[in-house]
Amino acid sequence: MKKWSDKELIYLKDNYKTKINKEICDVLHRSSSSVRFMASKLELRKNEEVVCKARKHTNIELSKEILEKLYLKDKKSVRKIAKEIGLGRNTILYYLNKYNILRRSISEANKSFYSDGGKIWKAGLTKENDKRVFIATEKMKLTKKRQKEEKIKVIEEKIKMPLKEAINKFYWIDNLTQEKIAKSLGMPRERIIRLMKEFDLSKRPNFEFISKLKGKNHPSYGKKWEDIYGVEEAKKLKAKRSAWGRENIIKRLKNNQMPFSNTKIERIMARALAKRNIPYLTQYEIDNKFVCDFALPKHRIIIECDGDYWHANPLFYDINKLGLRQKRNTQRDRFKNEYLKRKGWKVLRFFESDIKKSPSECVNIVEEQIKKVANPFDSL
């Protein structure tokens, strides 16, 4: 390496602050690395303007007025301004900081971007049809996997045993719930569920856990809805639950999904009606309010088959000594009869004992009613 002369050193000291390295190299006929080395040795520093000039790769000057118009008035994004002017994004950010122009928040920038019809670069692209999305997805998977492994490692160091063994011990030996295990390990319950699946750890039968919550062990033991949710909220919940229960029962009855949809007495009545060639519909729904055992829509006749106990057959049960369920059922039957009567239906009710004793007699009553509908003057 050629030794620096006193003349060269004097020139370097006098011009290093005000000239870029390329200009100095051209005069001294030295390499850029040589100039930098000697400047560092002499502890020379360049002015800020010279540094910016050295880094600048374009002659474009961006004034504060132009930037305020583009960014504040026209509300263009930093990337859009950079693309239009032909500068880099970081250069635009530099000028924003230089001119003390307050930047928009991320939320405001996103609203402005999408309101102008902007779309993200990967809109409509998937990892199957675009290599860039595929690479980004794979990188994200690797990052997530690495983060997951690091978290597990920290937990294992804390509990001083493998995580699989710890969860197995807490769940099967200590008999803890997944929620308590999650709290003890400092992670969400959903994470414990996923880990148990990954580690192929079996779960206890649900009935074992539910059976422990019976009686005083239940967190809501001895409490009413009003105590838990408040009077007004409890009232709304009860009304909502009642409406849902009614709709669900009607739906299941209509679709023959209830275990008691075809009772023994209903099957007896169905066979008796079929023998007389009387067409009928079972589990007939009316106004999304009631489901009737049998219906003859042509004749506007409803047939109900009532159990002796559940509907309180007066031959066996004293009307003044009915149970709570019997009272509710009889009250509902009366309301149902009145509602169907207002809608133009004739309701024929047959008790269990009458159907079992003589189904043909019950069908005779149905036929008589059909004749009255067919020939109304016969009833006069």
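The values are calculated or read from the model by the stated rules, or taken from the named source; none is laboratory data. Because the structure is a prediction, the values reported are computed rather than measured. All Cβ positions, even for glycine, are placed from backbone atoms using ideal geometry, and neighbour counts span all protein chains on display.
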Practice problem: Test Asn313 against the criterion of being part of a loop (DSSP other than H, G, I, E, B) and in contact with a strand residue (DSSP E or B) (Cβ under 6 Å, 6 or more places away or on another chain), and give yes or no. | Solution: yes
Practice problem: Quick one: in the range 123-166, of everything that is in a helix (DSSP H, G or I) and among the acidic types (Asp, Glu), which residue is surrounded by the most Cβ atoms within 10 Å (Cβ to Cβ)? | Solution: Glu156
Self-check item: Output for the range 80-109, where each listed residue is surrounded by 13 or more Cβ atoms within 10 Å (Cβ to Cβ), part of a helix (DSSP H, G or I) and either in contact (Cβ under 8 Å) with a residue 40 or more places away in the chain or within 35 Å of the chain's Cα centre (by Cα) (or both)
Solution: Ala109
Quiz item: Out of Lys19, Lys73, which single residue is among the charged types (D, E, K, R) and either over 54 Å from the mean Cα position of the chain (by Cα) or surrounded by 13 or more Cβ atoms within 10 Å (Cβ to Cβ) (or both)?
Solution: Lys19
Quiz item: Residues in the range 124-167 that are outside the structural domain of Met196 (by TED's automatic domain parsing) and on the phi > 0 side of the Ramachandran plot: how many?
Solution: 1
Quiz item: Which condition number does Lys235 fail, the rest of (1) of a type in the set (D, E, K, R); (2) in contact with a strand residue (DSSP E or B) (Cβ under 9 Å, 6 or more places away or on another chain); (3) modelled with pLDDT of 90 or more being met?
Solution: (2)
Exercise. Only one of these is farther than 24 Å from Glu368 by Cα, at pLDDT below 90 and polar (S, T, N, Q): Asn329, Asn320. Name it.
Key: Asn320
Self-check item: Subset of the range 31-46 (residues that are of a type in the set (D, E, K, R) and either without any contact (Cβ under 8 Å) to a residue 24 or more places away in the chain or exposed (fewer than 15 other Cβ atoms within 10 Å of the Cβ) (or both))
Solution: Arg36, Lys41, Glu43, Arg45
Quiz item: Inside the range 277-292, can you point out the residues that are surrounded by fewer than 17 Cβ atoms within 10 Å (Cβ to Cβ) and part of a loop (DSSP other than H, G, I, E, B)?
Solution: Asn277, Pro279, Asp287, Asn288, Lys289
Practice problem: Filter the range 293-348 for residues that are of a type in the set (A, V, I, L, M) and surrounded by 11 or more Cβ atoms within 10 Å (Cβ to Cβ) and give the result. | Solution: Ala295, Leu296, Ile301, Ile302, Ile303, Ala312, Leu322, Leu340, Val347, Leu348
Quiz item: If we scan the range 359-367, do we find a residue that is assigned to a helix (DSSP H, G or I), touching a Lys or Arg at 6+ places or on another chain (Cβ under 6 Å) and assigned by TED's automatic domain parsing to the domain that holds Arg271?
Solution: yes
Quiz item: Of the residues Glu49, Glu68, which is of a type in the set (Asp, Glu) and over 30 Å from Lys19 (Cβ atoms)?
Solution: Glu68
